[in-house]
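Student: Please find one structure pasted underneath; my questions will follow.
The values are calculated or read from the model by the stated rules, or taken from the named source; none is laboratory data. This structure is a prediction, so every number in the text was calculated from the model and none was measured. As a convention, Cβ positions derive from the backbone with ideal geometry for all residues, glycine included, and neighbour counts pool all protein chains shown.
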Amino acid sequence: MPKGSDLFVAALENEGVERVFGVPGEENLDIVESLRTSRIELVLTRHEQAAAFMAATHGRLTGQPGVCLATLGPGALNLATGAAYAHLGAMPMILVTGQKPVMSAKQARFQIVDIVASMKPLTKMTRQILSPAAIPTTVRDAFRVAAGERPGPVHLELPEDVAGADAEDAALVPRHPLNRPLAGAAALDGAAETILAARRPLVMIGAAGNRPALVEPLSGFIARTRLPFFNTQMGKGAVDCGSDLYVGTAALSEGDYVHEAVERADLIVAIGHDTIEKPPFLMKSRGGPKVVHIGYEPATVEQVYHPDLEVIGDIGATVEGLAERLEGRLKPDEGMPALRRRILERINDRAGEDRFPPTPQRVVHDVRKAMPDDGIVCLDNGMYKIWFARNYRTHVANTLLLDNALATMGAGLPSAMAAAMLHPGRRVMAVCGDGGFMMNSQELETAVRLGLNLVVVVLNDGAYGMIRWKQSVDDFPDFGMTFGNPDFVRYAEAYGAKGSRVSAVEDLAPTLEAAFAGGGVHLVEVPVDYSENTRVLVDELRNRKPDVECS
């Protein structure tokens with residue numbers, strides 16, 4: 001007779017799960033055994049946090065929940081950062097944890113933490129499974145909730161005795177499509193009239209606009225309306241940034257060159273903006289552009305975001321409906337092309353500068369050169385994230401993965417590993433600072449063991465660079481931010497990976513190309529000159545003279 005864990009794994013198979021990322025423990029050995037005899041691959045990681053980041057990235061790239069596994073107590077708690085990463089970043093994921101038997105207490109309170117309660121603020125739903133009979137409906141509901149808008153993590157706790165208990169044959173619950181509500185015709189008409197009445201409308205694409213299913217509808221909307229657009233950091237790539245309508249990415253909240261376009265606009269059409277992101281612009285109470293919010297869900301009203309009009313429903317259907325109402329009826333903003341050229345020229349300034357250590361602009365330039373249009377770059381969190389968000393031009397959706405919601409360190413390498421597993425025929429690169437890389441650097445062993453083709457760029461400044469920069473900008477003394485590093489080349493080699501160190505700026509692009517050509521896991525250490533942070537992001541932007549014509 002099958003046991004509870006067999007039924008649980010069968011329910012995962014029923015959901016189309018192909019991989020489970022995680023670290024086993026005593027309390028989930030029944031699940032591990034059931035996975036062994038299933039069609040599902042168990043991807044053993046070296047830390048539960050990395051497993052959660054990998055599962056979340058699977059959800060982000062596919063739209064289908066990724067699954068991660070941990071035992072009780074310490075293992076389950078190690079998933080917490082990954083749960084928050086997926087919760088704030090709207091990535092569908094299922095977290096599965098074990099627990100001591102619930103029908104007996106032979107080990108008293110040893111290792112027991114109330115994980116269901118711990119996960120409540122970090123997930124869309126958290127539930128303990130108390131009988132095998134509840135497994136089919138609970139698993140089906142978990143996947144439905146995780147994938148529904150707004151997507152996110154769901155936690156399921158399967159106690160040891162429930163996993164090992166006899167399970168009578170129970171019918172699995174068939175999967176069913178999630179049909180999102182559609183915006184009404186009156187709402188679409190009102191939004192179209194508002195856009196037509198504007199003299200200088202500007203589209204902003206946010207995180208919720210960057211779903212896999214929205215690539216064609218959004219690209220079609222921009223092509224049909226010919227509206228200029230910019231994007232938030234997590235909206236980057238939803239529409240080809242090579243378009244002649246792309247104005248830039250809001251890597252900062254205010255004062256950057258792209259904000260000249262925002263200041264010029266009299267209407268912002270915010271598609272899929274999620275205020276969980278660091279604000280891409282600061283909405284004013286009076287005197288600034290009006291905002292139309294287009295989203296799956298109503299806007300979250302914030303001090304810096306309070307739209308004047310909302311259109312709520314499936315975003316793909318909404319933008320298609322708007323395109324039908326707007327196509328051929330909008331008068332181009334004659335001043336925008338010149339402003340767009342000026343913005344992009346300023347952003348591309350010094351991208352080819354040949355000083356050593358290389359500047360962040362040069363690093364972005366050479367990474368872009370090494371990556372084909374469909375190559376995927378996964379960023380950890382650090383100062384370089386602002387430069388990549390600002391300067392890196394994307395041509396295919398979901399090819400620059402960054403976190404502008406939780407903004408946690410340590411996610412870059414696991415995220416890239418998940419991307420490489422999903423897209424083995426594409427170039428995948430992780431870009432990490434030395435601080436963030438060392439938080440999950442042990443996963444190099446996992447990447448080597450899995451036979452992944454992956455290039456890991458480690459930007460070495462011997463410090464927690466972003467916070468050190470902020471410390472300086474705020475006029476605090478330089479204190480508590482620097483550290484020593486291992487020899488990164490030998491460190492990579494100790495795990496069975498390859499390693500290279502860039503010692504001249506002209507070697508950066510060839511080294512990246514050679515790393516990809518050689519295959520396997522290859523770490524490339526690159527020193528970086530972060531003096532540009534202050535020169536550009538503080539001094540230059542503070543003294544910029546906006547060329548804004550609002551007549």
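Condition check ((1) farther than 18 Å from F388 by Cβ; (2) not in a helix (DSSP H, G or I)) across all residues:
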{"residue": "A419", "(1), (2)": "no, no"}
{"residue": "M438", "(1), (2)": "yes, no"}
{"residue": "R468", "(1), (2)": "yes, no"}
{"residue": "Q471", "(1), (2)": "yes, no"}
{"residue": "N485", "(1), (2)": "yes, yes"}
{"residue": "T511", "(1), (2)": "yes, no"}
{"residue": "H522", "(1), (2)": "yes, yes"}
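Student: Let me ask you something else. Within segment 183-193, identify whether any single residue is of a type outside the set (V, I, T), modelled with pLDDT under 95, more than 24 Å from A261 (Cα to Cα) and touching an Asp or Glu at 6+ places or on another chain (Cβ under 8 Å), and answer yes or no.
Tutor: The answer is yes, given that some residue of segment 183-193 is of a type outside the set (V, I, T), modelled with pLDDT under 95, more than 24 Å from A261 (Cα to Cα) and touching an Asp or Glu at 6+ places or on another chain (Cβ under 8 Å).
Student: Taking into account only those residues within segment 291-329 that are among the charged types (D, E, K, R) and in a loop (DSSP other than H, G, I, E, B), which is surrounded by the fewest Cβ atoms within 10 Å (Cβ to Cβ)?
Tutor: The extreme case among them is R329.
Condition check ((1) among the small types (G, A, S); (2) surrounded by fewer than 13 Cβ atoms within 10 Å (Cβ to Cβ); (3) in contact with an Asp or Glu (Cβ under 8 Å, 6 or more places away or on another chain); (4) not assigned by TED's automatic domain parsing to the domain that holds T45) across all residues:
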{"site": "G462", "(1), (2), (3), (4)": "yes, no, yes, yes"}
{"site": "D474", "(1), (2), (3), (4)": "no, yes, no, yes"}
{"site": "V524", "(1), (2), (3), (4)": "no, no, no, yes"}
{"site": "V528", "(1), (2), (3), (4)": "no, no, yes, yes"}
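Student: I need every pair where a residue in segment 157-175 that is over 27 Å from S118 (Cβ atoms) has its Cβ under 6 Å from the Cβ of a residue that is part of a loop (DSSP other than H, G, I, E, B), sequence separation at least 6 or different chains.
Tutor: Pairs that qualify, where the first residue is over 27 Å from S118 (Cβ atoms) and the partner is part of a loop (DSSP other than H, G, I, E, B), are D166/M1; A167/P2.
Student: Can you give me the ranges of the helices (runs of 4 or more DSSP H) entirely in segment 127-223 with at least 2 residues that are β-branched (V, I, T)?
Tutor: 135-147, 185-197
Student: Outside the structural domain of F229 (by TED's automatic domain parsing), farther than 22 Å from E532 by Cα and in contact with a Pro (Cβ under 8 Å, 6 or more places away or on another chain), is that true of A411?
Tutor: no
Student: Just wondering, is there one or more residues in segment 260-267 that are touching a Ser or Thr at 6+ places or on another chain (Cβ under 6 Å), of a type outside the set (D, E) and surrounded by 15 or more Cβ atoms within 10 Å (Cβ to Cβ)?
Tutor: no
Student: Quickly run through segment 422-433 and pick out the residues that are over 27 Å from N460 (Cβ atoms) and touching a strand residue (DSSP E or B) at 6+ places or on another chain (Cβ under 7 Å).
Tutor: H423
Student: Has segment 235-242 got any residue that is surrounded by fewer than 24 Cβ atoms within 10 Å (Cβ to Cβ) and over 22 Å from the mean Cα position of the chain (by Cα)?
Tutor: Looking for residues that are surrounded by fewer than 24 Cβ atoms within 10 Å (Cβ to Cβ) and over 22 Å from the mean Cα position of the chain (by Cα), one finds none in segment 235-242, hence no.
Student: Which of (1) under 30 Å from V319 (Cα atoms); (2) surrounded by 20 or more Cβ atoms within 10 Å (Cβ to Cβ) does E160 not meet, given it meets every other one?
Tutor: (1)
Student: Then there's this: Can you tell me which residue within segment 201-216, out of those that are at pLDDT below 95 and farther than 21 Å from T300 by Cβ, is farthest from the chain's Cα centre (by Cα)?
Tutor: E216
Student: Follow-up question, since we're still on this one. Please go through segment 395-443 and give me each residue that is of a type in the set (S, T, N, Q), surrounded by fewer than 22 Cβ atoms within 10 Å (Cβ to Cβ) and modelled with pLDDT under 95, ordered by number.
Tutor: N398
Student: Which residue, of V301, V291, is of a type in the set (A, V, I, L, M), over 24 Å from L379 (Cβ atoms) and free of Cβ contacts under 8 Å to residues at least 12 places away in the same chain?
Tutor: V301
Student: Every residue in segment 365-375 that is touching a helix residue (DSSP H, G or I) at 6+ places or on another chain (Cβ under 6 Å) and surrounded by fewer than 24 Cβ atoms within 10 Å (Cβ to Cβ), please.
Tutor: The answer is K369, A370.
Student: Which condition number in (1) in a loop (DSSP other than H, G, I, E, B); (2) touching a residue at least 12 places away in the same chain (Cβ under 8 Å) is the one that G425 fails?
Tutor: (2)
Student: Here's a follow-up. Which condition number does A207 fail, the rest of (1) buried (at least 23 other Cβ atoms within 10 Å of the Cβ); (2) within 28 Å of E540 (Cα to Cα) being met?
Tutor: (2)
Student: If I filter segment 1-36 down to residues being of a type in the set (G, A, S) and assigned to a helix (DSSP H, G or I), which single residue comes out as surrounded by the fewest Cβ atoms within 10 Å (Cβ to Cβ)?
Tutor: If we take residues in segment 1-36 being of a type in the set (G, A, S) and assigned to a helix (DSSP H, G or I), then A10 is surrounded by the fewest Cβ atoms within 10 Å (Cβ to Cβ).
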